[in-house]
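Heads up, the thing below is written out as structure tokens.
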Amino acid sequence: MAVRVARRYGPLMRRRLRAVLADRRFQIAGDSVLAAAILVVSLVEIATGAGEWSGPSGIELALAGGCSLPLVWRRTHALPVAAIVVAAALASGVAVAPTQGPFEAFVAFEIALYSVGVYLPSRRGAAVVVATTLAGVGAWGITARHVADVNSGDWFPMLVWAWGAWAVGRTIRNHSLRTRELEQMARDLAAERDARAREAVTVERARIARELHDVVAHKISVMGVQAAAARRVLTGDQPAVRRALEAIESTGRETIDEMRHMLGVLREPSDELALAPQPGLRDLDALAARMRAAGLPVDVQIEGVPRTLPAGLELSAYRIVQEALTNTLKHAGASGASVSVRYLERAVELEIVDDGPGVVAAGGTGNGLIGMRERVALFGGELDAGHRAEGGWSLRARLPVAAT
């Protein structure tokens, strides 16, 4: 149970946590708490005379504030914060010589150098660390010569840690930059994928429109021809009927011309004129024969009583089976496939199943499935495609048929 909950809600919780951590108000609050904690510890030690501080004085209070308070702005003003904190920390070491500098100043010093590594470019950050090292060596030399005899072991470890803190900050900065680059690349790829999907939908809709244009134009032509034939064989003086037939014939011709002007622009320059009838479910045996010749054994099964369907629905059903078998042939690596057509009372169901491993080849774009979904959606149907538990891939489409 716990594992399922973690898998389901873990990514969401991580995204929300990243969003909270990236919130500017949360960052300022965290840095304020950090600066306040260092300042409070320093003031307590100064007030009690504990640690390296000798007792309350204006200089010691100023140095304690200089080491802690600037950390509130360490994310937005890393360079000036580092300058102030480093100067205050080194001055604290000089002030308490010959003893070792206050631990709170050391912590603030390292945090400031870490912030330089995270929030400044690498070259500027390296220059800050070099300047800090030179300043630390100079402060040690001045202290040893003019203030008190101090041990170099009280100073140089702090400078070595400064390089380590900056290196850690720089590593985190590089990782963050790389993460942002990858996230941006992911967003760009997602946007490109969506754009290609929209383009594929547009292309497939244009293809469907061209095919349906041919189907509708053919039926309107038949209507016009039938009306003309009826007018010629009409006997007797029936002017109302003759005028109605003439209107049907004339309207049919005008409708075909208007459709050609309106939808003819959808035809690609490379498209040939549709002189042959559009294919339908009656042509599945021929399609299966072509697939067998291409190397994919296909078995076609018909369930129910075949009947005449609307031409547009017949064409879409045929195209769905054709696209599914083409995808199987190209990408599935299957040794065989089966096609089942079920004639129901109010619908036609198509099921295409193969025994391939279900691994889509690298050349697959997914546009075929997009096109099939568009064709099914055109008739208000349903489509379901996916891997089978026993292996292979299956596609099921249900196309409603209006009651006649």
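Miscellaneous remarks
- Residue check, Leu177 aliphatic (A, V, I, L, M), open to solvent by less than 80 Å² (accessible area, probe 1.4 Å), out of contact with any Pro (no Cβ under 8 Å at 6 or more places or on another chain) and without any contact (Cβ under 8 Å) to a residue 12 or more places away in the chain: yes
- Every residue from the range 270-290 that is open to solvent by less than 50 Å² (accessible area, probe 1.4 Å), more than 15 Å from Glu349 (Cα to Cα) and at pLDDT below 85: Gln278, Pro279
- Scanning the range 75-98 for residues that are part of a helix (DSSP H, G or I) and among the β-branched types (Val, Ile, Thr), we see that the one that is farthest from Gly117 (Cα to Cα) is Val94.
- Index of the failed condition, Ala334 passing every other in (1) surrounded by 13 or more Cβ atoms within 10 Å (Cβ to Cβ); (2) at pLDDT 80 or above: (2)
- Pairing each residue of the range 384-404 that is in contact (Cβ under 8 Å) with a residue 60 or more places away in the chain with any residue that is surrounded by fewer than 11 Cβ atoms within 10 Å (Cβ to Cβ) and not in a loop (DSSP other than H, G, I, E, B), provided the two are 6+ apart or on different chains, yields C-beta distances under 8 Å for Trp393/Gly386.
- Any chance Ala162 is small (Gly, Ala, Ser) and modelled with pLDDT under 80: no
- Just so you know, in the range 46-74 the residues that are among the hydrophobic types (A, V, I, L, M, F, W, C) and not in a helix (DSSP H, G or I) include one that is modelled with the highest pLDDT, and it is Ala50.
- Test: residue in the range 99-106 that is open to solvent by less than 70 Å² (accessible area, probe 1.4 Å), modelled with pLDDT of 80 or more and acidic (Asp, Glu): yes
- Subset of the range 62-82 (residues that are open to solvent by 20 Å² or more (accessible area, probe 1.4 Å) and over 17 Å from Phe106 (Cβ atoms)): Ala62, Val72, Trp73, Arg75, Thr76, His77, Leu79, Pro80
- For the range 294-315, taking the residues that are in contact with a strand residue (DSSP E or B) (Cβ under 7 Å, 6 or more places away or on another chain) and either assigned to a helix (DSSP H, G or I) or of a type in the set (Gly, Ala, Ser) (or both), the one that is surrounded by the most Cβ atoms within 10 Å (Cβ to Cβ) is identified as Leu313.
The values are calculated or read from the model by the stated rules, or taken from the named source; none is laboratory data. In this text the structure is predicted, and so the values were computed from the model without any measurement. Positions of Cβ are backbone-derived with ideal geometry, glycine not excepted, and every protein chain shown enters the neighbour counts. Quick note on the areas: whole protein, heavy atoms, side chains included, nothing else; ligands and nucleic acids left out. Shrake-Rupley method; radii C 1.70, N 1.55, O 1.52, S 1.80 Å.
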